[in-house]
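The values are calculated or read from the model by the stated rules, or taken from the named source; none is laboratory data. Treat the numbers as computed from the prediction; the structure is a model and nothing was measured. Note that we place each Cβ from the backbone using ideal geometry, even for glycine, and neighbour counts take in every protein chain shown.
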Amino acid sequence: MTKILVVEDEKIIGEMISMYLTDENFTVCRVENGKEGLEELRQFNPDVILLDLMLPDMDGIEVCETMRELSDKPILMISMNTKVNERVRALNAGADDYLCKPFSMQELKARIGVAVRRYKPAFTASSAEEAAAAQEIKWRGIGLDLQKRLVLVEGEPIETTFSEFELMKLLYEHPGRVFTRDELINALRGIDSYVNDRAIDVHITNLRKKIENNPKEPQYIKTVWGVGYKLMPV
């Protein structure tokens, strides 16, 4: 059963989310501040985290950054703030999605479903040999461990968010192909999920910081100006 950690200090909203998700057969743990959220991240070990941007004891962005350091599980930021710069801040802090209040419970469930599907390994193999081959792909100094959802650079594991991993996997499987921003958006977008050009640029920037020797002069992920991005062999 999928476990959801809800970090929400508004009692009515928190209870509504918890009751709905429980009725939908999720296991829910709800806390009301950042400190308790970090504690339950370790103890409850959720599959998905719903994190409010405004908390009574800590800035939600700070909590998100700390959670991302401790876990690669999907983080869905929820907030009444609809400003683009706040969404960008959340993505830069490691959030995988951003949901503006008020939102429908059906939309929330859909986004949780997308997060779970993307995080879980999505390969099958008919034999032990095929499974071993599918588990790790290596190419020009970069490897992808599909089972552990890790990017490896010169054999060293680099943790990514599930959105970053999905982008890397798509580029990795088609080296040299130019993907438009719309194609990358469609690859990440779930049912009405918030993904736009700026979100793609943020994810690419974060990936470059993790895999490139010099992110300002990338050798792997190249920008094709006016179009999108491609992964280049080096």
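Here PRO215 meets the list (1) under 27 Å from LYS83 (Cβ atoms); (2) outside any loop (DSSP other than H, G, I, E, B) almost entirely, failing just condition (2). When the strands (runs of 3 or more DSSP E) confined to segment 1-80 are screened for residues that are aliphatic (A, V, I, L, M), those reaching at least 3 such residues are found at 3-7, 48-52, 75-79. The residue that is farthest from the chain's Cα centre (by Cα), among those in segment 45-57 that are over 8 Å from VAL7 (Cβ atoms) and crowded, with 17+ Cβ neighbours inside 10 Å, is LEU53.
Can you name every residue in segment 23-43 that is of a type in the set (A, V, I, L, M, F, W, C) and within 19 Å of the chain's Cα centre (by Cα)?
Within segment 23-43, LEU38, LEU41 meet the criteria.
The single residue among ASN92, ASN81 that is touching a strand residue (DSSP E or B) at 6+ places or on another chain (Cβ under 9 Å), polar (S, T, N, Q), farther than 19 Å from VAL116 by Cβ and assigned by TED's automatic domain parsing to the domain that holds ALA115 turns out to be ASN81.
One line per residue, one yes/no per condition, for (1) buried (at least 17 other Cβ atoms within 10 Å of the Cβ); (2) modelled with pLDDT of 85 or more; (3) not in a loop (DSSP other than H, G, I, E, B):
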site	(1), (2), (3)
LEU144	yes, no, yes
GLN147	no, no, no
GLU164	yes, yes, yes
MET168	yes, yes, yes
LEU171	yes, yes, yes
GLY190	yes, no, no
